[in-house]
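Here's the structure, in structure tokens; my notes come after.
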Amino acid sequence: ESPATGEALNQEPREQSYRNGVWKRNEKLVYLSNFLHMTLYTMCFGGIFDIFLYHLSQDQQVILEDRITVGGTGRPPPIFEVNTYSNFELTFSIRPFEAVSYPSTSNCSSLYTCGTSILHITDGTGNGDCCQVGNRIPFAYFTNGTTKLQLSMDALGQNETLDRRSYDKLQHCAAPKELPLHQWSNIKLKASGVEHSKGQIEHSDGGMIMFINEEKVCEVPGTAYHTLPSRRAAMLFLGSLQSPPLRLQDQHLPAKVEIRNVKYGKPASNLFVGLANSAQGILSILLM
């Protein structure tokens, strides 16, 4: 065997070792670049992705987007169909343009119906207004002659023989201040049990809370039953209840307001968002 042949054989392992080293270095650089890419992607777009996931978990029903006038001289607003849940968020924007007062000859005080109706979801059972389970899920209205927002919400197992006055003592709350005239206010009504309250509901049985411009203003405590009703194909009225489809005409006058961006859905699920983000992280590692 010639010296040249021996030198060539010794050179081949050195070249193979060099190629392996280059490959390992490039492989590390690829992993590092993928890691940096995913880190930057998460930093830049993680918040947007989380917002998308939160909206996806809400199963949101868009009832109304454009503004509509309630309590005007024209035809009453249309009736909307909505599937309701035991845990939900109902949001809308409202602009009062006049505080409505009942005439002095009205018997609303004896009937306990002097509120002016803004938004009312009902399943239509009984008189449609109160006090069977499903009549107020929920009911939002103003105090007579004011723009002070009031809220009522049913609970499964409630005493259905109560009159309106007794019902309101158990399942009602009121904002401390009036809404400003000719200005838009954002309202959120959130109903949930303790396990979904995220620390916002103080009552041990859960219940329903009202936010005005992102500030919590009052809470409807859960009753002794504290389980909130859900209904398929309930009716959402803006202003007074209408007959038909309900059996009886509403005793409440409509409030004079404009309403827009009415949306109803389940509360955002932290569990769903967390699982989705975990799955995204695991997939990113596998793709690297």
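Computed values, structure above
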{"quantity": "Search result, residues across segment 140-157 that are among the hydrophobic types (A, V, I, L, M, F, W, C) and part of a strand (DSSP E or B)", "calculated": "Ala140, Phe142, Leu149, Leu151"}
{"quantity": "Tally of residues being part of a loop (DSSP other than H, G, I, E, B) and open to solvent by 10 Å² or more (accessible area, probe 1.4 Å) across segment 230-245", "calculated": "9"}
{"quantity": "Any chance Ser117 is touching a residue at least 40 places away in the same chain (Cβ under 8 Å), in contact with a helix residue (DSSP H, G or I) (Cβ under 7 Å, 6 or more places away or on another chain) and open to solvent by less than 10 Å² (accessible area, probe 1.4 Å)", "calculated": "no"}
{"quantity": "Matching residues in segment 246-267 - criterion: being open to solvent by 30 Å² or more (accessible area, probe 1.4 Å) and either at pLDDT 95 or above or of a type in the set (Phe, Trp, Tyr) (or both)", "calculated": "Leu253, Pro254, Lys256, Arg260, Asn261, Lys263"}
{"quantity": "Restricting segment 213-229 to residues that are modelled with pLDDT of 85 or more and open to solvent by less than 20 Å² (accessible area, probe 1.4 Å), the residue that is farthest from Tyr85 (Cα to Cα)", "calculated": "Cys218"}
{"quantity": "Test: residue in segment 177-189 that is at pLDDT below 95 and either among the aromatic types (Phe, Trp, Tyr) or surrounded by fewer than 18 Cβ atoms within 10 Å (Cβ to Cβ) (or both)", "calculated": "no"}
{"quantity": "Residue, farthest from Tyr85 (Cα to Cα), within segment 107-139, restricted to residues that are among the polar types (S, T, N, Q) and assigned to a loop (DSSP other than H, G, I, E, B)", "calculated": "Asn107"}
{"quantity": "Residue match in segment 73-96 (condition: open to solvent by 30 Å² or more (accessible area, probe 1.4 Å), without any contact (Cβ under 8 Å) to a residue 12 or more places away in the chain and among the β-branched types (Val, Ile, Thr))", "calculated": "yes"}
{"quantity": "Residue match in segment 6-14 (condition: at pLDDT below 95, open to solvent by less than 80 Å² (accessible area, probe 1.4 Å) and acidic (Asp, Glu))", "calculated": "no"}
{"quantity": "Residue list for segment 56-106, filter: outside any strand (DSSP E or B), under 20 Å from Asn144 (Cβ atoms) and of a type in the set (Val, Ile, Thr)", "calculated": "Val100, Thr105"}
{"quantity": "Residue among Ser197, Ser240 that alone is at pLDDT below 90, touching a Gly at 6+ places or on another chain (Cβ under 9 Å) and within 25 Å of Gln61 (Cα to Cα)", "calculated": "Ser197"}
{"quantity": "Hits in segment 142-166 - residues which are surrounded by 20 or more Cβ atoms within 10 Å (Cβ to Cβ), more than 16 Å from Thr227 (Cβ to Cβ) and hydrophobic (A, V, I, L, M, F, W, C)", "calculated": "Phe142, Leu149, Leu151"}
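Rundown of residues vs (1) of a type in the set (A, V, I, L, M); (2) under 24 Å from the mean Cα position of the chain (by Cα), yes/no style:
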site: Ile118; (1), (2): yes, yes
site: Gly124; (1), (2): no, yes
site: Asn127; (1), (2): no, no
site: Gln132; (1), (2): no, no
site: Asn135; (1), (2): no, yes
site: Thr143; (1), (2): no, no
site: Thr146; (1), (2): no, no
site: Ser152; (1), (2): no, yes
site: Leu156; (1), (2): yes, yes
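The values are calculated or read from the model by the stated rules, or taken from the named source; none is laboratory data. It should be emphasised that the depicted structure is a prediction, and the values quoted were computed from it without experimental measurement. All Cβ positions, even for glycine, are placed from backbone atoms using ideal geometry, and neighbour counts span all protein chains on display. Ligands, DNA and RNA are excluded from the accessible area calculation, which covers all protein heavy atoms including side chains. Shrake-Rupley method; radii C 1.70, N 1.55, O 1.52, S 1.80 Å.
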